[in-house]
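Here's the structure we're looking at; comments come further down.
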Amino acid sequence: MFWIVSLLSQNKEVLYGLEETPQAMLLNPGSRISYEYHFGVPLLSHIHVNGGSSGVSVYDIFQESSLDINTRISNKIFELENTDFFTATQQLEILNFGWKNKKNYYFSGGIYQEFDFILYFPKDLAILAWEGNANYIGKEFNLGEINVSGDLLTVYHFGVNKKINKKITVGVRAKLYSSMLSFSSTSNSGTFVTIPSESGDNIYDHIVSNATINVNTSGITSLSDLDTRTQVINKLLGRSFFGGNLGIGVDLGATYEINEKWTASASILDLGAIFHKKNIESYQVSGEYNLDGIELLFPPLGNGDSSLPYYEDLIDDIGAAFTIDTIYNSYIQMRPVKMYASVKYNFGQAIGGDKTCNCLKMGENQKYNQSIGFQYFSIIRPKGPQIAATLFYYHRLSDYFSVKATYTADSYSYSNVGLGLITNIKMVNFYIVADNLQWYSNLAKAKSVSLQFGFNIIIDKNE
Amino acid sequence: MKKKSHLIFLFTAVILLFTACVKDTDFDQSDDILLTPAIVLDFLFFNLGSENFTDIGVNNLVVSDTTFFDLLIEDFTIDNLIKADFYFKNTNSFSIQLNTQYQFLDENNDVYYEIIIPVNSGSLSNPVITEHIEIIEEGTIVNLTKADKVVVNVIAPSSLDNLDGILNLQSKTIYYLSLEQ
């Protein structure tokens, strides 16, 4: 059994291509590397939080307004589509290190923990819950809109990067996934409709057709047996260190210096899967039913006779019409494949790694201290790939300070302004990246917010 | 000097990023969020012939049936039901008027709500429809949610022993819910 679970909000459009930070290698294992060693400050080298919705902001619902909040919610329910979604993502890098060997291969590895959650907006069910079916006779409510998943996992990775000639740098990264817990309900179907009775027995037919609801869990039910939070944490920590369901994956990437002015790069990430074999409990509910009320038969009962169990029979019939299976079969969860591609035009002050010139030193491959470019990002989601397009401007202001500004159009908005700041003071590398800056004066108006920052130690023998 | 200005810029930017704020919002409004779905469901239906009367006895004038209807006493219903509209559609081809009586009883058979509907007489060739809407508002809905069964009585004013005909009932209920946060 295969299904794809999406990790959303994973577009790190500002961090991509920021070669001063080792974390850029996690977005493109084939990025250019100008230093000899790096060490991420444990637990502080990459902290990433993101939350968002593609169709509604906090302000849309909770704004101070004379309009009743229920009216605002109602308006949004009808405005959103079933392809809109809510996401939360969090990453914490535990370890990150790298070194260049004598043959100029750059090896890097590390561990990070990741949590991802996505809920697609089940519009029909929201309308049903909000307004009921009384005013929707004949409307088919789509049960297949139920689409939710969440994952908590640890990723162990090790990669190698090599500049194979003056123009091309390539890289590959192997990943081992250790899933702590996972749940998903993404392959559902069925409809519910109330229509005027076709048989004429009663006024309506309430029909559930071809309903199939699947819920897959891994690592969750065993936690319910634990009594204390400490026990739960210890259990999860055990799973994070290879004690959970394991998976493998690979990242590939390359950078191509077309000429002195133009550079292109691309990467494909998380080509892999997690093999859920332990602590699995999946549920499947399927069936169909036509409800048309309770038919009374008026049997000639004698004194002391009980009436017929109409209601009990109805409940039993409904129960019998829907089979509920608990499944313990192992399953394979595909990782969400992510792709980046970029092309940039370099200009400005010429710089390079030559000690004899008075140049900026942080990147021997950085020929100019400024660049503008275009980035593409896509991610495979349960309801198809989603794409983001970014225009960016990069400026290395000095040998210890760089900035990158981005303008992104994605599923959340068409006007996402991001900014990244990177410093390299002595060996200490610090970066901070945020997007949707235009809403930072009032985050409630942002449909998504994302923040990444971290500290690294970078050693460059040329310095 | 340049380095200093860059550091000031960096420091300022970082401070700004970490001091982003949320304003012009009122999260206390979440207390006002109210779901008010109106759910329509079929209720009872039957087809009643003269044999339903005569099977009980000669000149029998009353037939009854009872069904449990636990939906009304579910905690969810008790907590959230604010109004219920019952719609009854009687189609009568008996040539006499009938009375239908719906009694909502609790487990001790105490009557908590009662609906009586006189059904107009019709004929085999021209059945007559009698509709009735019973709106149970907030003040009396609590009675409905104490009843776990419905007794239906159909009462004839005179014997149906030698009459042909059918009393058909179709019915539905619109349940108005109010779900607070």
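Coordinate-derived values only; no laboratory data. The shown structure was predicted, so the numbers you read here are calculated from the model rather than taken from an experiment. For neighbour counting, all protein chains shown are included, and Cβ atoms are generated from backbone atoms with ideal geometry for every residue, glycine included.
Sorting check: for B:126-139, A:19-32, which peptide has the highest mean count of neighbouring beta carbons within 10 Å, and how do the rest follow?
Working: B:126-139: 13.6, A:19-32: 25.6.
Output ranking for B:126-139, A:19-32: A:19-32, B:126-139.
With a cut-off of 8 Å between alpha carbons and a minimum separation of six or more residues, what is the relative contact order of chain A in percent? All intermediate terms of the calculation are to be shown ahead of the outcome.
Values: 1228 pairs, mean separation 86.9, N = 463.
Contact order relative to length: 19 percent.
Restricting attention to the alpha-carbon atoms of region A:217-328, what are Rg (one decimal) and Dmax (integer), both in Å?
For region A:217-328, the Cα-based Rg and Dmax read 28.7, 101 Å.
Based on Cα coordinates alone, diagonalise the gyration tensor for region A:91-182, multiply each eigenvalue by 5, take square roots, and list the semi-axes in whole Å, largest first.
Numbers: eigenvalues 483, 52, 14 Å².
Values for region A:91-182, descending: 49, 16, 8 Å.
Please find, in a Gaussian network model of chain B (springs between Cα atoms separated by less than 10 Å), the residue of B:ASP110, B:ASP24, B:ASP148 whose mean-square fluctuation is greatest.
Of B:ASP110, B:ASP24, B:ASP148, the most mobile in the Gaussian network model is B:ASP24.
If I fit a long axis through the Cα atoms of helix B:2-18 and take the longest principal axis of the Cα atoms of chain B, what angle between them do I get, 0 to 90°, rounded to 10?
20
Given N residues in region B:34-180, what is its alpha carbon radius of gyration divided by 2.2 N^0.38 Å?
Working: Rg = 16.7 Å, N = 147, 2.2 N^0.38 = 14.7 Å.
Normalised by 2.2 N^0.38 Å, the Cα Rg of region B:34-180 equals 1.14.
Two-decimal Rg/Rh of the protein assembly as shown from alpha-carbon positions, Kirkwood Rh?
1.15
On a 0 to 90° scale, report how tilted helix A:69-79 is relative to the longest principal axis of chain A, with both axes built from alpha carbons and the result rounded to the nearest 10.
Taking Cα atoms only, the helix is inclined about 80 degrees.
Mind checking which of A:LEU397, A:TYR112, A:ILE351 is farthest towards the positive end of chain A's charge dipole, using Cβ charges of +1 (Lys, Arg) and -1 (Asp, Glu) about the Cα centre?
A:ILE351
Which distance in nm do the two modelled labels at A:LYS103 and A:SER415 give, with both placed 7 Å along the Cα-to-Cβ direction?
It is 5.3 nm.
Quick one: A:VAL58, B:VAL150, B:VAL14, fewest Cβ neighbours within 10 Å first, how do they rank?
Working: A:VAL58 19, B:VAL150 23, B:VAL14 16.
Lowest to highest Cβ neighbour count: B:VAL14, A:VAL58, B:VAL150.
Over the whole of B:28-41, what's the average partner chain Cβ count within 10 Å per residue? Rounded to a whole number, please.
6
Can you spot the aspartates and glutamates whose alpha carbon is less than 17 Å from A:LYS102's alpha carbon? Ignore those fewer than 8 places along the same chain.
Partners within reach: A:GLU36, A:ASP460.
Please compute, for peptide A:301-311, the average count of beta-carbon atoms on other protein chains lying within 10 Å of each residue's beta-carbon. Don't jump to the answer; show the numbers that get you there.
Details: counts 4, 1, 0, 0, 0, 1, 7, 3, 2, 8, 9.
Shielding by partners across A:301-311 averages 3.
By a straight-distance test (C-alpha under 24 Å), which lysines pair with A:LYS103 as possible cross-link partners, with residues fewer than eight away in the same chain excluded?
Answer for A:LYS103, where 24 Å is the Cα cut-off: A:LYS162, A:LYS163, A:LYS166, A:LYS167, A:LYS175, A:LYS355, A:LYS361, A:LYS367, A:LYS461, listed by chain and number.
In what sequence, highest mean first, do A:110-119, A:188-197 appear when ranked by Cβ atoms within 10 angstrom?
On the way: A:110-119: 20.3, A:188-197: 17.7.
So the peptides A:110-119, A:188-197, ranked by packing, come out A:110-119, A:188-197.
If you fit an axis through the alpha-carbon atoms of helix A:229-238 and take the longest principal axis of the Cα set of chain A, what angle between them do you get, 0 to 90°, nearest 10?
It works out to around 60 degrees.
List the lysines whose Cα lies under 21 Å from the Cα of A:LYS123, skipping any in the same chain that are fewer than 8 positions away.
A:LYS76, A:LYS139, A:LYS383, A:LYS447
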